[in-house]
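Colleague: Pasting a structure below so you can have a look.
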Amino acid sequence: MLAIRADADARIGLGHAMRCFALAETWCAQGGEAVFFSGAALPDPVLARLDDTGIEHRTFATLDTGAEFAVAAAGIGARWLVVDGSFATPGYLDLVHNAGLPILLLDDAASAERYPCDLLLNQNVQASPDQYTGLTGARVLAGPGYALIRADMRRAVPPRRIPDRPQRILVLVGGSDPGGHLEALAQAAAQALLKAGLGDGHVDAVIGPASIWQPPADAGPMIAYHRCVTDMAALIGKADLAISSAGSTVWELSLQGTPMILGASVPVEEPVGAGMAARGAALYLGRFADCPAEQLVAETVRVLQDSDVRRNLSATASALVDGRGAERVIDAMLGIGAGTGIS
């Protein structure tokens, strides 16, 4: 039994919850069971995925200090605990340890004073075990080889074709778009298509499941806004270029070898975008809030007009992720909990 503790809402987005879901989904596919705990009600799209997979969800009625999760996890007979979110301070994890069960902690920043856990996962491209030296006794899993990607994104990934004349730009800002960047990015993408001489091109802009923003009634003939997307893999597969925030979606785009222009919607995305750029797997514009529209349009035009740039970005990104990250994480969990197996 896997006990997971993560949250999702319009403020923090869906990333923490969805990558934990990807792990739980793989755990269950291998014959195990999982229960998902949150500090508040989860958005309907997350609940729907949990229900479809047969994963029970429970919400804490009072503030969870770590002690509450420890008691709840022990009560369901959990064998592993998974914790993901900014609430997971060292003090919180100390109380979770009272359950006497191994803890997998997901981290993005390597900024805590210590990490009292048994297995530590940082799936980001800039991550290294060396970042955690002296901060934890846990085994550290670092890099996008461990990226947690849900099953519907991994099925039948088609070969990426890089056309000389690209037609479609996909715009993504995560599950909630806390900075309100989607419309400006979509408009910039449309302008770039026109300036690149691709007036018959198209922009697909995805409204995150936790976003309450409503698109304009007339966005123009080149832009289509999509809400409640049920087949994101297909939408990614159609895109010749993606303009995206540097969150968990980066690994889904990488899996399909999608050429990417990235920006940061929130601070935790900044090192991811910079790391992808350093590896040659994406172009990075810095914070979206600080990036002039003219710069975004100019960079997008440049990439649209250079198939070699898009080809190199695609090949480098696709080499980072193979879709088997969740399996590798579970193998590491079973190695630490030898003899317990999945259940």
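The values are calculated or read from the model by the stated rules, or taken from the named source; none is laboratory data. Everything numeric here is computed off the predicted structure, so don't read it as measured data. Cβ atoms come from the backbone with ideal geometry, glycine included; neighbour counts cover every protein chain shown. Note: accessible area is taken over every heavy atom of the protein model, side chains too, but ligands, DNA and RNA are not part of it. Shrake-Rupley method; radii C 1.70, N 1.55, O 1.52, S 1.80 Å.
Colleague: Each label point is 7 Å from the Cα along the Cα-to-Cβ direction; what then is the distance between the points at Arg58 and Leu194, in nm?
Modeller: 5.6
Colleague: Let me ask another. When every alpha-carbon pair in the range 178-236 is counted, what percent end up more than 13 Å apart?
Modeller: Cα-Cα pairs of the range 178-236 separated by over 13 Å account for 62 percent.
Colleague: Accessible area per residue, 1.4 Å probe, Å², for the chain: what's the number?
Modeller: 40
Colleague: If I take R0 = 41 Å and measure r between the Cβ atoms of Ala40 and Ala298 in this structure, what FRET efficiency does the formula 1/(1 + (r/R0)^6) give, to the nearest 0.05?
Modeller: 0.45
Colleague: For the range 1-126, what is the percent of antiparallel DSSP beta bridges, rounded to the nearest 5?
Modeller: 5
Colleague: Let me ask something else. If N is the number of residues in the range 130-243, what value comes out of its Cα radius of gyration divided by 2.2 N^0.38 Å?
Modeller: For the range 130-243, the normalised Cα radius of gyration is 1.33.
Colleague: Between the helical axis of 44-53 and the dominant principal axis of the chain, each derived from Cα atoms, what acute angle in degrees is found, rounded to the nearest 10?
Modeller: For 44-53 against the chain, the angle is about 60 degrees.
Colleague: Something else: Please state, to two decimals, what the Cα-based radius of gyration of the range 284-331 comes to when divided by 2.2 N^0.38 Å (N = residues).
Modeller: Taking the Cα Rg and dividing by 2.2 N^0.38 Å, one obtains 1.65.
Colleague: Next up: Would you mind calculating the gained length between Ala234 and Met1 on full extension (0.36 nm times residue separation, minus the Cα-Cα distance), in nm to one decimal?
Modeller: 80.6 nm
Colleague: Contact order normalised by length for the chain, with contacts defined as Cα pairs under 8 Å and 6 or more residues apart; what percent is it?
Modeller: This gives 18 percent for the chain.
Colleague: State the percent of C-alpha pairs, over all pairs in the chain, separated by a distance greater than 28 angstrom.
Modeller: 41
Colleague: Scan the chain and hand back the longest stretch that contains none of the trypsin sites (Lys or Arg not before Pro) lying in DSSP loops with at most 15 other Cβ atoms within 10 Å.
Modeller: 162-278
Colleague: State the dimensionless ratio Rg/Rh of the range 252-291 (Rg: radius of gyration of Cα atoms; Rh: Kirkwood radius).
Modeller: 0.96
Colleague: I've got another one for you. Averaging over every viewing direction, what projected area does the convex hull of the Cα atoms of the range 102-173 cover, in nm²?
Modeller: Result: 7.5 nm².
Colleague: If you don't mind, another one. Evaluate the Kirkwood expression for the hydrodynamic radius of the range 205-343, namely the inverse of the mean inverse distance over all pairs of different C-alpha atoms, and round to one decimal in Å.
Modeller: After inverting the mean inverse Cα-Cα distance, the result is 16.9 Å.
Colleague: With θ set to phi - 60°, apply the Karplus curve 6.51 cos²θ - 1.76 cosθ + 1.60 along the range 311-318 and write out the HN-Hα couplings as whole Hz, x wherever there is a Gly or Pro.
Modeller: With coefficients 6.51, -1.76 and 1.60, one gets 5, 5, 4, 4, 5, 5, 5, 5 Hz.
Colleague: Quick check: the distance between the Cα centres of the range 34-64 and the range 102-134, to the nearest angstrom?
Modeller: 25
Colleague: Using every pair of alpha-carbon atoms in the range 45-179, split the distances into 5 Å bins beginning at 0 and state the percent of pairs per bin, rounded to integers.
Modeller: P(r) for the range 45-179, in whole percents per bin: 2, 8, 14, 16, 17, 17, 12, 6, 4, 3, 1, 0.
Colleague: Round to a whole number: what % of the accessible area of the chain belongs to carbon and sulfur, probe 1.4 Å?
Modeller: That share works out to 51 percent.
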